[in-house]
Amino acid sequence: MQKSSGFSGQLIIDVPKAARNKCAELPLINALYICRMGFYPKALYHYYQRPRGTSQVILLYCSGGKGWIQLAQQKLELKAGELFVIPKNCAHSYSADIKKPWTIYWFHLLGSQADEVVQALMGQPTEVFQTVQVGFSEERNELFKQIANTFAKGFSIGNLYFANQLFPHYLSTFITLEHFQQNNTENQVISSTERAIKLMQDNLLQSLSLEQIAQSVHLSTSFFSRKFKEDTGYAPIEYFNQLRIQRACQLLHFSQLRINEIALQIGISDPFYFSRLFKQQMGVSPAKYRKMEGEK
């Protein structure tokens, strides 16, 4: 099967190993938390195969087009407005339709209650799998964006809490459509930490110093560092490096750039330093990470 080289407007968030470990320890979210999520619009040639399944529960929501899911001896069609949840350790493969490729939102989930997501959305387990008709909702899509945007700001304890506590609300949009509520984000006061994170997001190609970041929010270096760590749980440069590595994950997934070229795309001229930093956060080297994704 032809392999996709990416989809226009695509998104993937791969939560670093250290952040996943934090989620497993944090009360309120350790029972159910996100380890990966993504959005693939009109995903021609999107295909995955996991012969032994995975230790994570996988939620697939199709908002346009269609595709198929193969589980054991059963093959299902997943169409626009339908949902399917793949249980842990369930051998499977899935693919977008060639003529009318799906637009798909997806999550990989961990935690002691991850298995209960399967039952909550799919009903009692049976020998015959079925997709679930869940319709369409702009609010659902906005909640997805809010979760993704929170992770895009980094993996502070506050962000991990907020994104993962939003997720049950997202799940409820598949179960109780009549109870949707709009989120009011107007008139929010933007803190110095939020302004610093926005600067980091806008300058992933650069090698920002602590002094530059502190100056951008008009604070002394010592006060800013202390305040930033209080707000996020991380030192500013450590946080900035998390954002850079997330960008590198995107490029490893969706581009054909060489490892040294990806390092340059996130402002790191030394590919060996980039590889060490990447492995420190993601648990594997950039080359192995790309190879692992290519084999799925």
- Message: In segment 1-120, if the dipole is taken from +1 on Lys/Arg beta carbons and -1 on Asp/Glu beta carbons about the Cα centre, which of Ser112, Ala19, Ser93 is farthest to the positive end?
- Response: Ser93
- Taking the Cα centre of each part, how many Å lie between segment 106-163 and segment 185-245? 29
- Item | DSSP loop chymotrypsin sites (Phe, Trp or Tyr not before Pro) with at most 16 other Cβ within 10 Å excluded, longest remaining stretch of the chain | 181-296
- Message: I need the helices of the chain that pass two filters: whole DSSP H segments spanning 18 Å or more by Cα along the axis, and mean Kyte-Doolittle score no lower than 0.0.
- Response: 157-175
- Item | Calculated FRET efficiency for the pair Tyr48/Glu238, C-beta based, R₀ 41 Å, to 0.05 | 0.80
- Compute the projected area of the convex hull of the Cα atoms of segment 192-295, averaged over all viewing directions, and report it in nm² to one decimal place. 6.4
- Message: Can you tell me, using C-alpha contacts under 8 Å and at least 6 residues apart, the relative contact order of segment 190-286 as a whole percent?
- Response: 25
- Message: As a footprinting exposure proxy, order Ser209, Ser63 by other Cβ within 10 Å, with the fewest listed first.
- Response: Ser209, Ser63
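Please work out the FRET efficiency for the pair Arg276 and Arg226, using the Cβ-Cβ distance as r and a Förster radius of 30 Å; give the result to the nearest 0.05.
0.65
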- For segment 11-136, just the Cα set please: Rg and Dmax, both in angstrom. 14.5, 45
- What are the residues whose amide H is under 5 Å from the amide H of Glu82, where those residues sit 5 or more places off or on another chain and H is modelled from the backbone? Cys62, Val134
- 1/(1 + (r/R0)^6) with r = Cβ-Cβ of Asn149 and Ser207, R0 = 30 Å, i.e. FRET efficiency to nearest 0.05, evaluates to 0.75
- Mind checking which aspartates and glutamates have their Cα closer than 13 Å to the Cα of Lys79? Skip sequence neighbours fewer than 8 apart in that chain. Asp97
- Only one of the listed values, (i) 63, 18, 17; (ii) 34, 23, 17; (iii) 27, 24, 18, was derived from the coordinates as semi-axes √(5λ) of the Cα gyration tensor in Å; which label is it? (ii)
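Laboratory data are not the source of any read-out in this text; all were calculated from the coordinates shown. Here the structure is a predicted model, which means the values were calculated and not measured. For neighbour counting, all protein chains shown are included, and Cβ atoms are generated from backbone atoms with ideal geometry for every residue, glycine included.
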